[in-house]
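The next block holds one structure in the form of structure tokens; read it before the comments.
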Amino acid sequence: MNSTKDSIKDIPEKISDSQVVTYIHSGDLGTKQVKLFKTLTHSSDKVISEWFDVSEKTFYSYRTTTAKLNINFKEKLLLLISLYKLGERVFGSKKAFNDWLEKPNFHFNNKQPVDFFKTISGIRYIEDRLTGMLYGDNA
């Protein structure tokens, strides 16, 4: 695993639980990855802070200072970065993936997939749907 702290390129688009544990404890996640994640999503600090169950102030400090990220934040950050990379592959662009995330979907009880970002199992469910789409399942 690359110890470069200024990149997300080494985070795989499908990340296993063992890889998550390794990344969380490597010390390679910080402000730079939080900033890069924000640019992937094109979402506001308010919306992103809700996904992570932290205050806007905490999210802002994670994005702008060298504040130490808590372990739950790191785990979700890794999973969401990985999910966005997979989504871009499936849809061909970040914009198309973001558009899909914002539309109600049958597979998500007619809710927007982005509504499932608040839990690890929700993120994994979206990942499963995207993987299905790679192999010809409709979504």
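The values are calculated or read from the model by the stated rules, or taken from the named source; none is laboratory data. Predicted model only: the values in this text are computed from it and were never measured. With ideal geometry, Cβ positions are generated from the backbone for all residues, glycine too; neighbour counts draw on all protein chains shown.
All of SER18, SER7, SER44 fail the test of being loosely packed, with under 15 Cβ neighbours inside 10 Å, touching a residue at least 12 places away in the same chain (Cβ under 8 Å) and not charged (D, E, K, R), apart from SER7. Note on the range 98-112: residues that are assigned to a helix (DSSP H, G or I) and farther than 25 Å from TYR62 by Cα amount to 5. In the range 120-135, the qualifying residues are those that are touching a helix residue (DSSP H, G or I) at 6+ places or on another chain (Cβ under 7 Å) and β-branched (Val, Ile, Thr), and the one that is farthest from VAL90 (Cα to Cα) is ILE120.
Of everything listed in (1) among the polar types (S, T, N, Q); (2) free of Cβ contacts under 8 Å to residues at least 24 places away in the same chain; (3) closer than 21 Å to ILE126 by Cβ, the single unmet condition for SER61 is (3). Listed conditions (1) within 28 Å of ALA96 (Cα to Cα); (2) in a helix (DSSP H, G or I) are all met by GLU13, apart from (2). Consider the range 18-38 and keep the residues that are of a type in the set (S, T, N, Q) and modelled with pLDDT of 90 or more. The one that is farthest from GLN112 (Cα to Cα) is THR22. The condition (being closer than 18 Å to ILE15 by Cβ and not basic (Lys, Arg)) is satisfied by just one residue among SER82, SER43: SER82.
Inside the range 64-87, residues that are in a helix (DSSP H, G or I), in contact with a helix residue (DSSP H, G or I) (Cβ under 8 Å, 6 or more places away or on another chain) and in contact (Cβ under 8 Å) with a residue 40 or more places away in the chain make up a count of 14. Flag: HIS25 does not match the condition of being surrounded by fewer than 18 Cβ atoms within 10 Å (Cβ to Cβ), in a helix (DSSP H, G or I) and touching a helix residue (DSSP H, G or I) at 6+ places or on another chain (Cβ under 7 Å). Quick one: SER49 ticks every box in (1) out of contact with any Phe, Trp or Tyr (no Cβ under 6 Å at 6 or more places or on another chain); (2) surrounded by 15 or more Cβ atoms within 10 Å (Cβ to Cβ); (3) among the polar types (S, T, N, Q) except a single one, so which number is it? Exception for SER49: condition (1).
Results for (1) at pLDDT 95 or above; (2) basic (Lys, Arg), shown as yes or no for each residue.
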position	(1), (2)
LYS74	no, yes
GLY87	yes, no
LYS95	no, yes
ILE120	yes, no
TYR125	yes, no
LEU130	yes, no
LEU134	no, no
ASN138	no, no
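Counting only residues that are closer than 26 Å to ASP17 by Cα and either out of contact with any helix residue (DSSP H, G or I) (no Cβ under 8 Å at 6 or more places or on another chain) or surrounded by 15 or more Cβ atoms within 10 Å (Cβ to Cβ) (or both), the range 103-119 holds 8 of them.
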